[in-house]
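Following: one structure in structure tokens, then a few remarks.
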Amino acid sequence: LALGLGLAAAAAKSPYQQVLQHSRLRGRQHGPNVCAVQKLIGTNRKYFTNCKQWYQRKICGKATVISYECCPGYEKVPGEKGCPAALPLSNIYETLGVVGSATTQLYSDRSNLRPDIEGPGSFTIFAPSNEAWASLSAETLDSLVSNVNIELLNALRYHMVNKRVLTDDLKHGTTLNSMYQDLPIQIHHYPNGIVTVNCARLLKADHHATNGVVHVIDKVISTTTNSIQNIIETEESLETLRAAVAASDLNSLLESEGQYTLLAPTNEAFEKIPRETLNRILGDPEALRDLLNHHILKSAMCAEAIIAGLTMETLEGTTLDVGCSGEELTLNGKPIIANKDILATNGVVHFVNELLIPDSAKTVFELGQESDVSESMNLFRQAGLTSHLTGSEQVTLLAPVNEVFKDKRPSVDSNMRNLLLNHIVKDQLSSKYLYHGQKLQTLGGKELRVFVYRNNLCIENACIAAHDKRGRFGTLFSVDKMLTPPTGSVMDVLKADNRFSTLVAAIQSAGLMENLNRPGTFTVFAPTNEAFQAMPQGELNKLMGNAKELASILKFHMADEILVSGAVSALVRLKSMQGDKLEVSMKNHVIHVNKEPVAESDIMATNGVIHAVSSVLQPQASRPQERGDEPADPALEIFKQASALSKVSQRNPRLAPVYSRLLAKMKSSGG
């Protein structure tokens, strides 16, 4: 057990160590202790490679080249392959010059820190690379190296911890007390192997020294004493956000302990929103709180940790796609982050120049305008129905997708306005709670039925084509066609349509009219007048003159369950009221029944649905029945189906009499 636990502990490497190990594996063909490194083309930025990056050869969407370098802690030996030698173990001061942080070494000498990091002790220093020092502005650098070097000494001490800390000890979301007034240093260790120190990326880690360890980082870090709330209160470009946070009572959250990321919309971001929309949200405490929570991520996310797209959860419970394109961070694919990595005691702030409005703060009309139902929204606007979709009325909108109108957009008259009213359902619904047979009331006064199928969810003839979009007071259901609410029973609909006059007469003659008038759930494949006329005259006369046979044929066109076209993708076998199965399928977007195309589908009735067909469907011919006075002989059936056995029977003396009797039976049955 102890051995097993020891092995498990050894296997539980930190994300950084896992990525480093992968880089070692990719570099081993070049010799011992060689790591594969990905370098962004045109920059000096280098990354140890994980499996995904290795195959994609990209970081932040930009191409990389692979180079091979000595893994941390090793060096080359002339004439030998790879990096076989460990770096000489010396004190921290000497190690700084070996690992690419000679400027830190120089400044430690100037600031009189050198005696401390040369002498005995156990320290950790997060040493800025030479490039990190060079990237500081002249003004900042001058302020550090002047003032009798006190500022420089304090800055360097803030990069130090008074104990040895390796990457396995750098846990995500923890803090270390620095050697400058014990001020905290924030550590983030991300699943992709990136480790940040106050949002500066660890470049080369775990360089051991006699008196501690050196980690090289890509920035000069500075102290922070402000909470996220303090940053909002002191930054002029966040004035509108400041008022919004105060109105939504989020001040306490943003100054409390924790690790958050605030995507802080600037004044400019608020100004881009239509004044009417902004006033509506600012005047609605719930919508405003949802808006602000949509800008707060549940964990601190430094820009350096983002090397590919990832999905982050917000405090509102929604998700944002955080990614990068070269040097720019992106949100939902757009490069809208204006200023990044403003560190706070309880997280990090990135300034954004566009407002991220969640669905929960939008009206149904706004949801529709930015979805694949924009043509429908134009119809509702022309019909003067936007007041139902922009106010506080709780509704669910059934909006046909744009594809429905690709050939022709209908004109808006009084009939169309009434039809559109029946696309607005009372109450704010969620499709996952709808159930089969549920009745929905519309603003137009109609009652709509819900049909739940294996592969689809439909409301009358219209099936839901996309996930719900739930707004502040209403929900948007995108549907695959215009809704046709039922206008009467199956018989009422058939009587009102001249195409079915022969069928109506046949139903009356067969005594089925009462049945199709009663409440129910019928599917009727209704032959048109032309379908009856296509039958041979003698056959048609015979059918119409035999009420029993007519009823049987008509029942073969009916089923006692509702099947709309949206429920048909693969083959559906529907039991007819006559007893035989109807095979319903979809080919080239046309519904077929028993391989016959349906002329018009989804004519809705209050007690069912009608599909017009251009031919009279015939049940499969019944198989010949066995003679009633003689039971079927199993041996005879086997003999018929396996004639190859006959030769064997003739050759085998024991089977010859059986064969003769079976042959006689076949001849007599054939005669």
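The values are calculated or read from the model by the stated rules, or taken from the named source; none is laboratory data. Just so we're clear, the structure is a prediction, and the values are computed from it rather than from any experiment. In this analysis, Cβ positions are derived from the backbone assuming ideal geometry, glycine residues included, and neighbour counts consider all displayed protein chains. These area figures cover heavy atoms from the full protein model, side chains too; ligands, DNA and RNA do not enter into them. Shrake-Rupley method; radii C 1.70, N 1.55, O 1.52, S 1.80 Å.
What do you reckon, is Leu356 among the aliphatic types (A, V, I, L, M), open to solvent by less than 50 Å² (accessible area, probe 1.4 Å) and either in the same structural domain as Ala287 (by the TED database) or free of Cβ contacts under 8 Å to residues at least 60 places away in the same chain (or both)?
Yes; evaluated as a whole, the condition is true for this residue.
Among the candidates Arg157, Arg164, which residue alone is modelled with pLDDT of 95 or more, part of a loop (DSSP other than H, G, I, E, B), open to solvent by 10 Å² or more (accessible area, probe 1.4 Å) and in the same structural domain as Lys204 (by the TED database)?
None of the other options fit; the residue is Arg164.
Looking only at the range 360-377, decide whether some residue is over 31 Å from the mean Cα position of the chain (by Cα), modelled with pLDDT of 95 or more, small (Gly, Ala, Ser) and not assigned by the TED database to the domain that holds Gln186.
No, because not a single residue in the range 360-377 is over 31 Å from the mean Cα position of the chain (by Cα), modelled with pLDDT of 95 or more, small (Gly, Ala, Ser) and not assigned by the TED database to the domain that holds Gln186.
Given the conditions (1) outside the structural domain of Asp206 (by the TED database); (2) assigned to a helix (DSSP H, G or I), and given that Gly97 satisfies all but one, which numbered condition is not satisfied?
It fails just one condition, (1).
Just to be sure, is Ala338 of a type outside the set (Ser, Thr, Tyr), outside any helix (DSSP H, G or I), in contact (Cβ under 8 Å) with a residue 40 or more places away in the chain and surrounded by fewer than 19 Cβ atoms within 10 Å (Cβ to Cβ)?
yes
Only one of (1) without any contact (Cβ under 8 Å) to a residue 12 or more places away in the chain; (2) of a type outside the set (A, V, I, L, M, F, W, C); (3) more than 17 Å from Ile424 (Cα to Cα) fails for Asn346. Which number is that?
Going through the list (1) without any contact (Cβ under 8 Å) to a residue 12 or more places away in the chain; (2) of a type outside the set (A, V, I, L, M, F, W, C); (3) more than 17 Å from Ile424 (Cα to Cα), Asn346 breaks only (1).
Given (1) surrounded by 20 or more Cβ atoms within 10 Å (Cβ to Cβ); (2) at negative phi, where does Gly608 come up short, assuming only one miss?
(2)
Surrounded by 14 or more Cβ atoms within 10 Å (Cβ to Cβ), modelled with pLDDT under 95 and outside any loop (DSSP other than H, G, I, E, B), is that true of Leu543?
Numbers: surrounded by 14 or more Cβ atoms within 10 Å (Cβ to Cβ): yes; modelled with pLDDT under 95: yes; outside any loop (DSSP other than H, G, I, E, B): yes.
Answer is yes for this residue.
Examine the range 490-501 for a residue that is open to solvent by 60 Å² or more (accessible area, probe 1.4 Å) and assigned to a loop (DSSP other than H, G, I, E, B), and state whether such a residue exists.
From the range 490-501, those open to solvent by 60 Å² or more (accessible area, probe 1.4 Å) are 492, 495-496, 498-499, 501; that's our starting set.
Those left that are additionally assigned to a loop (DSSP other than H, G, I, E, B): none.
Scanning the range 490-501 turns up no residue that is open to solvent by 60 Å² or more (accessible area, probe 1.4 Å) and assigned to a loop (DSSP other than H, G, I, E, B).
Yes or no: Glu75 closer than 30 Å to Ala155 by Cβ, modelled with pLDDT of 90 or more and open to solvent by 40 Å² or more (accessible area, probe 1.4 Å)? Lay out the reasoning, then the answer.
Values: closer than 30 Å to Ala155 by Cβ: yes; modelled with pLDDT of 90 or more: yes; open to solvent by 40 Å² or more (accessible area, probe 1.4 Å): yes.
It is true that Glu75 is closer than 30 Å to Ala155 by Cβ, modelled with pLDDT of 90 or more and open to solvent by 40 Å² or more (accessible area, probe 1.4 Å).
Looking only at strands (runs of 3 or more DSSP E) that fall completely inside the range 209-314, which ones have 1 or more residues that are modelled with pLDDT under 95 and not hydroxyl-bearing (Ser, Thr, Tyr)?
Working: elements: 212-217, 260-265, 310-313.
Counting at least 1 such residues, we get 310-313.
What pairs can you find where one residue is in the range 239-255 and free of Cβ contacts under 8 Å to residues at least 60 places away in the same chain and under 15 Å from Pro285 (Cβ atoms), the other is open to solvent by 50 Å² or more (accessible area, probe 1.4 Å) and of a type outside the set (A, V, I, L, M, F, W, C), and their Cβ atoms are less than 6 Å apart, with a gap of 6+ or different chains?
Ser248/Arg289
If I filter the range 410-418 for residues that are of a type in the set (Ser, Thr, Tyr) and open to solvent by less than 10 Å² (accessible area, probe 1.4 Å), do I get at least one hit?
No, the range 410-418 contains no residue that is of a type in the set (Ser, Thr, Tyr) and open to solvent by less than 10 Å² (accessible area, probe 1.4 Å).
Under 6 Å by Cβ, and 6 or more places apart or on different chains, what pairs join a residue from the range 537-566 that is among the β-branched types (Val, Ile, Thr) with one that is assigned to a helix (DSSP H, G or I) and modelled with pLDDT under 95?
Every condition considered, no pair remains.
Can you name the residue in the range 201-229 that is open to solvent by 50 Å² or more (accessible area, probe 1.4 Å) and polar (S, T, N, Q) and, of all such residues, is nearest to Ala132 (Cα to Cα)?
Only one residue tops the list, namely Ser222.
Quick check on Asp321: is it at positive phi, assigned to a strand (DSSP E or B) and not aromatic (Phe, Trp, Tyr)?
Considered against the rule, which asks whether it is at positive phi, assigned to a strand (DSSP E or B) and not aromatic (Phe, Trp, Tyr), Asp321 comes out as no.
Of the residues that make up the range 301-310, is at least one surrounded by fewer than 20 Cβ atoms within 10 Å (Cβ to Cβ) and over 20 Å from the mean Cα position of the chain (by Cα)?
Among the residues of the range 301-310, at least one is surrounded by fewer than 20 Cβ atoms within 10 Å (Cβ to Cβ) and over 20 Å from the mean Cα position of the chain (by Cα), which makes the answer yes.
Please go through the range 396-413 and give me each residue that is of a type outside the set (D, E, K, R) and more than 25 Å from the chain's Cα centre (by Cα), ordered by number. Lay out the reasoning, then the answer.
Taking the range 396-413 and keeping what is of a type outside the set (D, E, K, R), we get 396-402, 404-405, 410-412.
Hits for the range 396-413 are Phe405, Pro410, Ser411, Val412.
Can you name every residue in the range 139-168 that is of a type in the set (D, E, K, R) and closer than 17 Å to Ala127 by Cβ?
The answer is Arg157, Lys163, Arg164.
In the range 386-417, what residues are over 23 Å from Arg449 (Cβ atoms), among the hydrophobic types (A, V, I, L, M, F, W, C) and assigned to a loop (DSSP other than H, G, I, E, B)?
The answer is Val412, and nothing else.
Mind telling me which of the residues Ser129, Ser122 ends up being more than 48 Å from the chain's Cα centre (by Cα), in contact (Cβ under 8 Å) with a residue 24 or more places away in the chain and in the same structural domain as Asn211 (by the TED database)?
Ser122
Quick check, is Leu87 open to solvent by less than 60 Å² (accessible area, probe 1.4 Å) and either within 19 Å of Gly193 (Cα to Cα) or modelled with pLDDT under 95 (or both)?
yes
Which pairs turn up if I take residues in the range 94-117 that are at positive phi and look for partners that are assigned to a loop (DSSP other than H, G, I, E, B) and surrounded by 17 or more Cβ atoms within 10 Å (Cβ to Cβ) with beta carbon separation below 7 Å, at least 6 apart in sequence or on another chain?
Final answer for the pair search is Gly100/Ser129.
Taking the range 404-431 only, how many residues are small (Gly, Ala, Ser) and touching a residue at least 24 places away in the same chain (Cβ under 8 Å)?
Start the filter on the range 404-431 by keeping residues that are small (Gly, Ala, Ser), which leaves 411, 414, 430-431.
Okay, now just the ones that are also touching a residue at least 24 places away in the same chain (Cβ under 8 Å), so 430-431.
Result for the range 404-431: 2.
Would you call Glu393 under 27 Å from the mean Cα position of the chain (by Cα) and open to solvent by 20 Å² or more (accessible area, probe 1.4 Å)?
no
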